[in-house]
1. Could you tell me whether region 4-20 includes any residue that is surrounded by fewer than 10 Cβ atoms within 10 Å (Cβ to Cβ), part of a helix (DSSP H, G or I) and within 18 Å of the chain's Cα centre (by Cα)?
2. For region 64-92, give me each residue that is farther than 25 Å from residue 52 by Cβ and modelled with pLDDT under 90.
3. Just to be sure I understand, how many residues within region 21-62 are over 30 Å from residue 77 (Cβ atoms) and surrounded by fewer than 10 Cβ atoms within 10 Å (Cβ to Cβ)?
C-alpha cells in the first residue's frame, strides 16, 4: 500500500481546501418553482374538496419564534384544552 493512511489524510485535506463554485441552471430552477407551485395548488384543492382548512406554518416563522408557532399548531389540532399550560422550551 503506497502512501498509507497519511497520504489519504493529505488527499482529504487537499479536497476540503478546493472550492468549487456552484453552477446554476435558471431554466431548471424556474421549472422546479413552477412544479412546486403546481403541487401547492393541488394540495390546496385536495383539502378544499375535503372541507379541511390546513394550518400553514412557514419555516421562517418557526425559526424566528418557535413557541407561538407550536402553540398555534396545538390549538389548531385541538390537542389540548389549554395550550398555554404546556411548557415549551426551545434548545439553543
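1. Within region 4-20, none of the residues are surrounded by fewer than 10 Cβ atoms within 10 Å (Cβ to Cβ), part of a helix (DSSP H, G or I) and within 18 Å of the chain's Cα centre (by Cα).
2. 84, 85, 87, 88, 89, 90, 91, 92
3. Applying the first criterion (over 30 Å from residue 77 (Cβ atoms)) to region 21-62 yields 21-34.
Within this subset, residues satisfying the condition of being surrounded by fewer than 10 Cβ atoms within 10 Å (Cβ to Cβ) are 21-28.
Total meeting the criteria: 8.
The values are calculated or read from the model by the stated rules, or taken from the named source; none is laboratory data. Model, not experiment: these values are computed from the prediction. In this analysis, Cβ positions are derived from the backbone assuming ideal geometry, glycine residues included, and neighbour counts consider all displayed protein chains.
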